[in-house]
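Accompanying notes for the structure given below.
Values quoted throughout were computed directly from the atomic coordinates according to the rules given, and no laboratory measurement underlies them. Values in this document were obtained by computation on a predicted structure and should not be read as measured data. Counting neighbours? That spans all protein chains shown, and the Cβs are built from the backbone with ideal geometry, glycine included.
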Ligand code: PGA
């Protein structure tokens, strides 16, 4: 099944559309008396989406008390107190502005002593929550989703990974020095992502045009992990015109 592609006027319009989808999911789950389980992403791409969710909370009273979140990934070796960590990023840009219940947010543990056990526990926590209702994704220029760098198999699970040199360069602006970017990370696997009931991928700007073209036109293969999304029954790519330019 091919992914649906929506080209929005700009990244703000795309972010409002995805935030509206999340709002509707939360309201539906509330009406059912069930928890909404969100898979979240970091990076510069989801920032306007998170700003819009905060606005919906403040201006429209959208409550997150019935929401549980699981982030895609975390750098290896960074505690959540470090400003470069993804835990810190999420607290700063989203969590602390909402009314989430204590303990309802999950980010992989970058400093677990037994990473194999911690990764298995993360998968189990997602299953115990009822599975991911909706997964937010960005895309890396390597074709990574989460930190599933090439090659990542369709059946890969939450695990330690080695970061691609391109990714380390692309993320260097978040660190004091390029050499400070960790070489390793912990990420949900491709299979974990594909099990989400709904996937919303966002990509903005000209630097993403070529990888978007590859993700949607190459047959699914491990050397471009985002191509696996073509196998998902409910995946939407939200693009701005620049990210759509090579399609
Ligand atoms: P970006 O990263 O949002 O900072 O471009 C996306 C990603 O690497 O998934």
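The table for this structure:
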read-out	value
Taking the chain and dividing mean pair separation by its residue count, relative contact order in percent (alpha carbons under 8 Å, at least six apart)	26 percent
Among 144-157, 230-243, the order from most to least packed when residues are scored by Cβ within 10 Å on average	144-157, 230-243
Per-residue [θ]222 nm for the chain (sum of -39500 (n - 2.57) over DSSP H runs n ≥ 4, rounded to 500)	-9500 deg cm²/dmol
Residue order, fewest to most beta carbons within 10 Å, for 197, 87	197, 87
Neighbour-count ranking [beta-carbon atoms within 10 angstrom, fewest first] of 194, 201	194, 201
Inter-label distance, nm, simple model (7 Å from Cα along the C-beta direction), residue 121/residue 180	2.8 nm
Reciprocal of mean inverse Cα separation for the chain (Kirkwood radius, Å)	18.0 Å
Potential lengthening between residue 128 and residue 32 on full extension [0.36 nm per residue; Cα-Cα distance subtracted]	32.8 nm
